[in-house]
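**Student:** Before anything else, here's the structure in question.
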Amino acid sequence: MNGSLPELPPSSPSSGQKNGRHDAEHLIELFRTLADPIRLRIVRLLESAPQANGGGGGGTGDKADRGNNGPNSGLSVGELGEILKLPQSTVSRHLKTLADAGLADPRRDGTSTFYRLADASNGTPSASRQLRQLARAHLDHDPLAKTDTHRLAAILRKREAVQWGGAESFFGKHAPQWDHLRAQWFGDTFHLEGLLALMNPAWTVADIGTGTGAMLPLLAPHVKQVLAIDPTPAMLKGARARVRELSLDNVDIRQGAAEHLPIESATVDVALLALVLAYTTDPAAVLKEVRRILKPHGVVLILDLQPHEVELFREKLNHRWMGFSEQQLTAWLEAAGFSTIRWHPLTTRESRSKASGTPVPDLFALRAEAI
């Protein structure tokens, strides 16, 4: 650094002497403002303070590199006073001078006011920015400025400890009721629905036995296409109404049985059978048909009932199978051309139906990969 002032952008030729005088007066005011060593130190600290994007300073102070609206970004009068070892009244007076000169920007965050750097955003380096760069180059070697840097780091550590302590106190107080509080605001299934974003957006998914399409709004936003299959016209009517209402443009509804799917071979990435197998006459044949439509290494996901003796499901819900065991399904899947079979038991939330007092069978989730 040779100590020379960087060249300032020229005034527009059409601006005339009036704008020239205005630019000169503005530059003189900046010189006066930054001539005070305390104000120079304050500006340097504001450049190094946390910004809205969570990053620290130490950069150029360019507005493009930092935001101005983050919580607790910048520094408060009290924090600056502690760093500079000056009364808050003195710091406030200097901050007002910097704000009047367009160098500092006070913003209120909650009950506190934090000061940040204010800068022009016209794409051209401003005079104030150039002067700050020049001053910072010299202050980097100043003993007081180095001490300021250490004190700033201590202040920020203290701030972080206070913020974390507040969060820890809040969660410590509400931990016993946290699940209920969270569900009260966001529902019981938001986290499970969010996990669907892990699905590959290039996938084609077959929802076999879609019924009225309850799964379609969950699947459609996260994949390329959903093929919704069901044999019953009344069910498909409900599914079509749901698709129209929610504008699910990537859902293709087709009528067909699980044993004879209206889908071309090796065109599907994931096949879903949710509470479907118990209604079929020949589950083994269904699984062979599912293997036909899956691409190599495609996945079938089966959700259904574990073995049970609740006759109501046969009498009232028309189930043909009283649940399935892991061994039974594994044998069928291997014969159909699947491997990497994983069974996961699901315990129902309620042990008995609230409506009838009938025991509720446990469910399972099973995943298998097409060979």
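**Student:** Starting from residues that are within 23 Å of the chain's Cα centre (by Cα) and acidic (D, E), keep the ones in the stretch 174-228 and report whichever is farthest from T267 (Cα to Cα).
**Tutor:** Here the answer is D179.
**Student:** Then there's this: What's the number of the condition A355 fails, among (1) surrounded by fewer than 18 Cβ atoms within 10 Å (Cβ to Cβ); (2) hydrophobic (A, V, I, L, M, F, W, C); (3) modelled with pLDDT of 90 or more?
**Tutor:** Every condition holds for A355 apart from (3).
**Student:** List every residue pair whose Cβ atoms sit under 6 Å apart, with the two residues 6 or more apart in sequence or on different chains, where the first one lies in the stretch 113-137 and is closer than 21 Å to L80 by Cβ and the second, anywhere, is among the polar types (S, T, N, Q) and at pLDDT below 75.
**Tutor:** Note: pairs meeting the criteria are R116/N68.
**Student:** Could I ask something else about it? With the requirement that a residue be of a type outside the set (K, R), over 39 Å from the mean Cα position of the chain (by Cα) and more than 21 Å from V360 (Cα to Cα), what does the stretch 287-327 give you? I'd like the intermediate steps shown before the answer.
**Tutor:** Kept after step one, since they are of a type outside the set (K, R), are these residues of the stretch 287-327: 287, 289-290, 293-294, 296-313, 315, 317-319, 321-327.
Still in the running and over 39 Å from the mean Cα position of the chain (by Cα): 307-313, 315, 317-319, 321-322, 327.
The one that is of a type outside the set (K, R), over 39 Å from the mean Cα position of the chain (by Cα) and more than 21 Å from V360 (Cα to Cα): Q327.
**Student:** Sticking with this one: Within the stretch 281-293, can you find the residues that are buried (at least 19 other Cβ atoms within 10 Å of the Cβ) and closer than 24 Å to K316 by Cα?
**Tutor:** P283, V286, listed by residue number.
**Student:** Right, R244: surrounded by fewer than 18 Cβ atoms within 10 Å (Cβ to Cβ) and not in a helix (DSSP H, G or I) or not?
**Tutor:** So R244 does not fit the description; no.
**Student:** Please go through the stretch 303-349 and give me each residue that is of a type in the set (D, E, K, R) and free of Cβ contacts under 8 Å to residues at least 60 places away in the same chain, ordered by number.
**Tutor:** E309, E311, R314, E315, K316, R320, E326, E334, R342, R349
**Student:** Residues that are in contact with a Gly (Cβ under 6 Å, 6 or more places away or on another chain) and not hydrophobic (A, V, I, L, M, F, W, C), at least 1 per element: which helices (runs of 4 or more DSSP H) completely within the stretch 128-210 meet that? I'd like the intermediate steps shown before the answer.
**Tutor:** Working: elements: 143-174, 178-186, 190-195.
Those helices (runs of 4 or more DSSP H) do not exist here; none qualify.
**Student:** Before we move on, is R107 at pLDDT 75 or above and buried (at least 21 other Cβ atoms within 10 Å of the Cβ)? Spell out the reasoning first.
**Tutor:** Numbers: at pLDDT 75 or above: yes; buried (at least 21 other Cβ atoms within 10 Å of the Cβ): no.
Judged against the criteria, R107 is not a match.
**Student:** So which residues in the stretch 250-270 are buried (at least 17 other Cβ atoms within 10 Å of the Cβ) and in contact (Cβ under 8 Å) with a residue 40 or more places away in the chain?
**Tutor:** I253, A258, L261, I263, V268, D269, V270
**Student:** Just checking, which of G213, G209 is buried (at least 18 other Cβ atoms within 10 Å of the Cβ), in contact with a Lys or Arg (Cβ under 6 Å, 6 or more places away or on another chain) and not β-branched (V, I, T)?
**Tutor:** On the way: G209 fails: in contact with a Lys or Arg (Cβ under 6 Å, 6 or more places away or on another chain).
Sole residue among the options that is buried (at least 18 other Cβ atoms within 10 Å of the Cβ), in contact with a Lys or Arg (Cβ under 6 Å, 6 or more places away or on another chain) and not β-branched (V, I, T): G213.
**Student:** Working only within the stretch 224-234, note down all residues that are surrounded by fewer than 19 Cβ atoms within 10 Å (Cβ to Cβ) and either touching a helix residue (DSSP H, G or I) at 6+ places or on another chain (Cβ under 8 Å) or not in a strand (DSSP E or B) (or both).
**Tutor:** Of all residues in the stretch 224-234, those surrounded by fewer than 19 Cβ atoms within 10 Å (Cβ to Cβ) come to 224-225, 231-234.
Hits for the stretch 224-234 are K224, P231, T232, P233, A234.
The values are calculated or read from the model by the stated rules, or taken from the named source; none is laboratory data. As the structure is a prediction and not an experimental result, all values here were calculated from the model. Positions of Cβ are backbone-derived with ideal geometry, glycine not excepted, and every protein chain shown enters the neighbour counts.
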